[in-house]
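Visitor: Here it is, the structure, as structure tokens.
The values are calculated or read from the model by the stated rules, or taken from the named source; none is laboratory data. These numbers come from a predicted model, not from an experiment. Cβ sites come from the backbone with ideal geometry, for glycine too, and all protein chains shown count toward neighbours. Remember, those area values only see protein heavy atoms, side chains included, never the ligands or the DNA or RNA. Shrake-Rupley method; radii C 1.70, N 1.55, O 1.52, S 1.80 Å.
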Amino acid sequence: MGDVTVGLVVNGASGHDIRRLVSAATVVDNVEKGAMTVRLLAGLKASGVDRVLAMPTALAIASTVSRLMRAMALEHGESFPSLEWLPMEPRFAASDTVEALTMLVGAGVAAVCVLGGDGTQRLTVGVLGDVPLAGFFAAGELGP
């Protein structure tokens, strides 16, 4: 399959909007987003992806990803693609997503995986052009 690079955007701010305060929509915390990311990384490796370029994200997500990848490699021999953080300074705003996606497209990624809410998904579609998108909503993102 060759050297396959996939882009990754995990939005630590998604799922914290007004709907969570006024409705029965669920909240997915950043630790769970980190765990979801590790499961995604394992699946990407199993699919032949060698390298993942990722948008820098909230510390709770990044530290969970690092901790779980080490634990799964040690305990289960799990293999992951190499994970590289994009050289950008996150501001934890919507502009981070646009900046990261622009960098990912410029790097020539084969596809982009996005874990975020509906706002993040809309931003993504507007930037990617012809690059394939795999969008992942956290539980409850499409809820009331």
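Visitor: Could you look through segment 122-144, keep only residues that are in contact with a Leu (Cβ under 8 Å, 6 or more places away or on another chain), at pLDDT 85 or above and under 19 Å from Thr57 (Cβ atoms), and pick out the one that is surrounded by the most Cβ atoms within 10 Å (Cβ to Cβ)?
Guide: Thr124
Visitor: Only one of Met69, Met103, Met55 is of a type in the set (A, V, I, L, M) and surrounded by fewer than 17 Cβ atoms within 10 Å (Cβ to Cβ). Can you tell me which?
Guide: The unique qualifying residue is Met103.
Visitor: Next up: Can you pull out the helices (runs of 4 or more DSSP H) entirely within segment 34-144 that have at least 2 residues that are more than 18 Å from Asn11 (Cα to Cα)?
Guide: 59-76
Visitor: Kindly indicate whether Glu75 is in contact (Cβ under 8 Å) with a residue 12 or more places away in the chain and open to solvent by 60 Å² or more (accessible area, probe 1.4 Å).
Guide: The answer is no for Glu75.
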